[in-house]
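K.L.:
Provided herewith is a single structure, encoded as structure tokens, for subsequent inquiry.
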Amino acid sequence: MSAVIEIEGLRKSFRSLRGGKRVAVDGFDLLVEEGQIHGFLGPNGSGKTTTLRALLGLVRADGGRMSVLGEPSPELLPRVAGQVGAIVESPQFFGNFTGYRTLRLLARAGGVPVSRVDEALDLVGLRDRGDERVKGYSLGMKQRLAVASALLKDPRLLILDEPANGLDPAGIREMRDLMRSLAASGVTVLVSSHILGEIQLICDHVTIISRGRRVATGRVDEVLAGHDRHEFLVRVAEPERAVELLRAAGLMVVVDAEALVVGGVTDSTVISRVLGEQGLWVGELTPLRPDLESVFLELTGAGEHPSLPRQVDHATPLPGAEGDLIDLDVRGVDA
Amino acid sequence: MNLVRAEVERLSARRFVQLMVVLLVLAFGVTAATTLAGSHKPNADEVASARAKAVEARRGMESTHQACLDRQNGLTQPDERGDWYPADCSELDPLRAERLPVAADFLPGVFSFAKEARPLLYFLIAFLVLFGFLVGASYIGADLNSGGVVNLLLWRPRRLTVLGAKLGTLLGGVLVVSVLASLFYLATFWVIGQTAGLAGRLSGDFWRSLGAVHGRGLVLVLLATAVGFAIAALGRHTSAALGAVAAYAVVWELGGRLVLEIVDARRPDLLMLSSHIGAWLTGEARFWDSQLCAGSRPGVTCEGFYSLTWGPALLVLLLITGGLTAAAFAVFRRRDLV
């Protein structure tokens, strides 16, 4: 499969008027191949939007190499801009324009046939509301309009920054279906989000960024498998005795409030055999698979240590790093 | 071309632009209505009386000039009539007067197009300069601030083309509005003069002179528009342009002028933008130079005035506008749009 987006060693820092420097992206790599629905995850302030803006020529990178649809970006981005639909954060529209007029204006500016406007409105479910003024739209409807504007060009590549912002559950589901149908029709989709469940449902590939650095990338199932601790949830009639038996068999056991969490074993039959041989019958034996949220929380703490290598794919979680998404101020960190 | 068409639609759809056009129409309507209400068509007696008064006033000017010459030539004694005359009698020469009294000067309550067209045009130009500056500043300032420019750049990732299309569309739009407004404005007052006042003496010289003011005024409107656009683009906000102009007016035109006068700087007016704007619009501006006559011998005429003509004034205005616009494009080309 050919690469649709390639980013190598992207660096970007912002300077404040007081002379301080904030490193937004620090040697970041990204590869999106044709036909993928690629999730781009990261906590707020991790560098997602800066990366997308740099890719689309809206901010100047300090270093690194980028290409979109095979053309170096931003130098030759205009060559392929007609095939790239993008929304970056929530675009603003004229409140007193109708949705239709808003898209018609963009279509004209981009040299796209105006006939595409109805199709784009149809795709995002706004066909019936296209004649209404944008200022009367809900946040979710404005977000749909933004997506419609990205779809106007009939793009080969769709870049969506937080497309689910403001959408209700039904809207999120529609957006998910839309992305799937677009991918099925051959459109490559790069979608950034921090709604992890959605990404897991929609995307086949994922890249996780934290503090401007890539901390994981690959197929979603591979990334999840890489963080599988091979643990099982066990419910049994005599938990105290079960703990003794399992530990005696060399397994790691943690007593939870209502059940046991057994680790250090890949085959669940080992657990049932150890307990069954002693007359303890297992009521429940469930493998504890990591979900994207747990992997995300585990990984996004890794980037805060500048001494770590630039790319820390499948990094071992650092002590105390789990869930640490609060302090995002990286001022003073050298690039 | 598509980009320009889209920009024309965006520009015309802006609420602020629409509001300014409404204000323009209102100001125009109020001026026309008050002029119409305060004027009447003079009857034959009023016209004859006014003409007689004008002739008398011209004769008075000639006799004053002659009296000055008589005293200068020693034909009359200095205190014979108790009048004061300047050392240079040519100052009183009717032939050198800016304008001679005409009948319209002696027709109170009668609007004369020939007499009032120029000040009316100055008023309109002042409004259009304000219109152009504010519209120019808000057009790019609001777009940069709201993310409209980013949205456009996602479609057309050519920054200079996008900014150039915006500026070109803006200048074209303001020019069209200005030309239409000024022509309609002058035509309306011409009709008022014809129907409810006096047309006055509308010679070829009059139209040439009015046309020159009109043309220079339109150039000034375009320069103000470009300056508003450029400062707002540099500062990313509409308010940047408003703040810069307010700061310039207070700090330099008022404060700077005061300081220059205290330190007795020579010709401080040349350092003021307002002087150049006035010189460009009127064709020539005259300023007092206190040091010009400092070394002159007694008895030798020294006026103490110097002139700033439209040529150098235009050059200064073009340099400032061009510099700001070039800076805006250079900064926008490299700026991070976050």
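K.L.:
Given the criterion surrounded by 14 or more Cβ atoms within 10 Å (Cβ to Cβ), aliphatic (A, V, I, L, M), more than 14 Å from chain A (Cβ to nearest Cβ) and part of a helix (DSSP H, G or I), identify the matching residue among B:ALA52, B:ALA67, B:ALA6. Break it down stepwise before answering.
P.N.:
Details: B:ALA52 fails: surrounded by 14 or more Cβ atoms within 10 Å (Cβ to Cβ); B:ALA6 fails: more than 14 Å from chain A (Cβ to nearest Cβ).
Every option except B:ALA67 fails the conditions.
K.L.:
Which of the residues belonging to the stretch B:181-203 are over 17 Å from B:VAL102 (Cβ atoms) and open to solvent by less than 40 Å² (accessible area, probe 1.4 Å)?
P.N.:
Result: B:ALA181, B:SER182, B:TYR185, B:LEU186, B:THR188, B:PHE189, B:ILE192, B:ALA196.
K.L.:
Since B:VAL162 meets every condition but one in (1) of a type in the set (Val, Ile, Thr); (2) in contact with a Lys or Arg (Cβ under 6 Å, 6 or more places away or on another chain); (3) free of Cβ contacts under 8 Å to residues at least 60 places away in the same chain, which condition does it not meet?
P.N.:
It fails just one condition, (3).
K.L.:
If only one of A:VAL261, A:VAL236, A:VAL270, A:VAL253 is out of contact with any Phe, Trp or Tyr (no Cβ under 6 Å at 6 or more places or on another chain), open to solvent by less than 20 Å² (accessible area, probe 1.4 Å) and not small (Gly, Ala, Ser), which one is it? Break it down stepwise before answering.
P.N.:
Working: A:VAL261 fails: open to solvent by less than 20 Å² (accessible area, probe 1.4 Å); A:VAL236 fails: open to solvent by less than 20 Å² (accessible area, probe 1.4 Å); A:VAL270 fails: open to solvent by less than 20 Å² (accessible area, probe 1.4 Å).
Step by step, each of A:VAL261, A:VAL236, A:VAL270, A:VAL253 is checked, and only A:VAL253 is out of contact with any Phe, Trp or Tyr (no Cβ under 6 Å at 6 or more places or on another chain), open to solvent by less than 20 Å² (accessible area, probe 1.4 Å) and not small (Gly, Ala, Ser).
K.L.:
Could you tell me whether the stretch B:132-142 includes any residue that is away from chain A (no Cβ under 11 Å) and among the hydroxyl-bearing types (Ser, Thr, Tyr)? Talk me through it step by step, then tell me what you get.
P.N.:
Looking only at the stretch B:132-142, we keep the residues that are away from chain A (no Cβ under 11 Å), and these are B:132-141.
Checking the rest, the ones that are also among the hydroxyl-bearing types (Ser, Thr, Tyr) come to B:138-139.
Among the residues of the stretch B:132-142, at least one is away from chain A (no Cβ under 11 Å) and among the hydroxyl-bearing types (Ser, Thr, Tyr), which makes the answer yes.
K.L.:
Can you tell me which residues in the stretch B:301-321 are in contact with a helix residue (DSSP H, G or I) (Cβ under 6 Å, 6 or more places away or on another chain) and open to solvent by less than 80 Å² (accessible area, probe 1.4 Å)?
P.N.:
Our first condition is that a residue be in contact with a helix residue (DSSP H, G or I) (Cβ under 6 Å, 6 or more places away or on another chain); within the stretch B:301-321, this holds for B:308, B:310, B:313-314, B:316-317, B:321.
Within the stretch B:301-321, B:LEU308, B:ALA313, B:LEU314, B:VAL316, B:LEU317, B:THR321 meet the criteria.
K.L.:
List the number of the failed condition for A:GLY95; all other conditions in (1) within 14 Å of chain B (Cβ to nearest Cβ); (2) in contact (Cβ under 8 Å) with a residue 24 or more places away in the chain; (3) in contact with a Leu (Cβ under 7 Å, 6 or more places away or on another chain) hold.
P.N.:
A:GLY95 satisfies every listed condition except (3).
K.L.:
Sort through B:LEU314, B:LEU324, B:LEU337, B:LEU234 and tell me the only one that's within 14 Å of chain A (Cβ to nearest Cβ) and touching a residue at least 60 places away in the same chain (Cβ under 8 Å). Break it down stepwise before answering.
P.N.:
On the way: B:LEU314 fails: within 14 Å of chain A (Cβ to nearest Cβ); B:LEU324 fails: within 14 Å of chain A (Cβ to nearest Cβ); B:LEU234 fails: within 14 Å of chain A (Cβ to nearest Cβ).
Criteria check complete, one pass: B:LEU337.
K.L.:
Ok, one more. Those residues that are away from every other protein chain (no Cβ under 14 Å) and either open to solvent by less than 70 Å² (accessible area, probe 1.4 Å) or in contact with a Ser or Thr (Cβ under 9 Å, 6 or more places away or on another chain) (or both), I need them from the stretch B:9-35; list them, please.
P.N.:
Those that are away from every other protein chain (no Cβ under 14 Å) and either open to solvent by less than 70 Å² (accessible area, probe 1.4 Å) or in contact with a Ser or Thr (Cβ under 9 Å, 6 or more places away or on another chain) (or both): B:MET20, B:VAL21, B:LEU24, B:ALA27, B:PHE28, B:GLY29, B:THR31, B:ALA32, B:ALA33, B:THR35.
K.L.:
If you go through the stretch B:124-144 one residue at a time, how many are in contact with a Ser or Thr (Cβ under 7 Å, 6 or more places away or on another chain) and under 19 Å from B:ALA212 (Cβ atoms)?
P.N.:
Residues meeting the conditions: 2.
K.L.:
Given the options B:PHE127, B:PHE133, name the one that is in contact with a Gly (Cβ under 7 Å, 6 or more places away or on another chain) and either open to solvent by less than 20 Å² (accessible area, probe 1.4 Å) or under 30 Å from B:THR169 (Cβ atoms) (or both). Explain how you work it out, then say what you get.
P.N.:
Working: B:PHE127 fails: in contact with a Gly (Cβ under 7 Å, 6 or more places away or on another chain).
The match here is B:PHE133.
K.L.:
Testing A:ARG176 on (1) closer than 27 Å to A:ARG79 by Cα; (2) touching a Leu at 6+ places or on another chain (Cβ under 7 Å); (3) free of Cβ contacts under 8 Å to residues at least 40 places away in the same chain, one condition comes back false. Which one is that?
P.N.:
(1)
K.L.:
For the stretch A:1-111, list the strands (runs of 3 or more DSSP E) that sit wholly inside it and hold at least 2 residues that are open to solvent by 50 Å² or more (accessible area, probe 1.4 Å); which are they?
P.N.:
Values: elements: A:3-15, A:21-33, A:37-41, A:63-68, A:84-87.
The qualifying strands (runs of 3 or more DSSP E) are A:3-15, A:21-33, A:63-68.
K.L.:
Could you tell me whether any residue of the stretch A:168-191 is under 18 Å from A:PHE296 (Cα atoms), open to solvent by less than 10 Å² (accessible area, probe 1.4 Å) and at pLDDT 90 or above?
P.N.:
First, the residues of the stretch A:168-191 that are under 18 Å from A:PHE296 (Cα atoms): A:190-191.
Then keep just the ones that are open to solvent by less than 10 Å² (accessible area, probe 1.4 Å); that gives A:190-191.
Right, trim to at pLDDT 90 or above and you get A:190-191.
Looking for residues that are under 18 Å from A:PHE296 (Cα atoms), open to solvent by less than 10 Å² (accessible area, probe 1.4 Å) and at pLDDT 90 or above, one finds at least one in the stretch A:168-191, hence yes.
K.L.:
Testing B:GLU253 on (1) surrounded by 18 or more Cβ atoms within 10 Å (Cβ to Cβ); (2) part of a helix (DSSP H, G or I), one condition comes back false. Which one is that?
P.N.:
Unmet condition: (1).
K.L.:
Looking only at the stretch A:121-142, count how many residues are assigned to a helix (DSSP H, G or I), more than 13 Å from chain B (Cβ to nearest Cβ) and in contact with a helix residue (DSSP H, G or I) (Cβ under 8 Å, 6 or more places away or on another chain).
P.N.:
The first filter runs over the stretch A:121-142 and keeps only residues assigned to a helix (DSSP H, G or I), leaving A:121-123, A:127-129, A:134-136, A:139-142.
Those still in the list that are more than 13 Å from chain B (Cβ to nearest Cβ) too: A:121-123, A:127-129, A:136, A:139-141.
Now restrict to residues that are in contact with a helix residue (DSSP H, G or I) (Cβ under 8 Å, 6 or more places away or on another chain): A:121, A:123, A:127, A:129, A:140-141.
Final tally of qualifying residues: 6.
K.L.:
Looking at the stretch B:163-176, which of the residues that are buried (at least 20 other Cβ atoms within 10 Å of the Cβ) and not small (Gly, Ala, Ser) is farthest from the other protein chains (Cβ to nearest Cβ)?
P.N.:
Out of the qualifying residues, it is B:VAL174.
The values are calculated or read from the model by the stated rules, or taken from the named source; none is laboratory data. This one's a predicted model, so the numbers in the text were calculated from it and none came from an experiment. Glycine also receives a Cβ, built like all others from the backbone with ideal geometry; neighbour counts cover every protein chain displayed. Note: accessible area is taken over every heavy atom of the protein model, side chains too, but ligands, DNA and RNA are not part of it. Shrake-Rupley method; radii C 1.70, N 1.55, O 1.52, S 1.80 Å.
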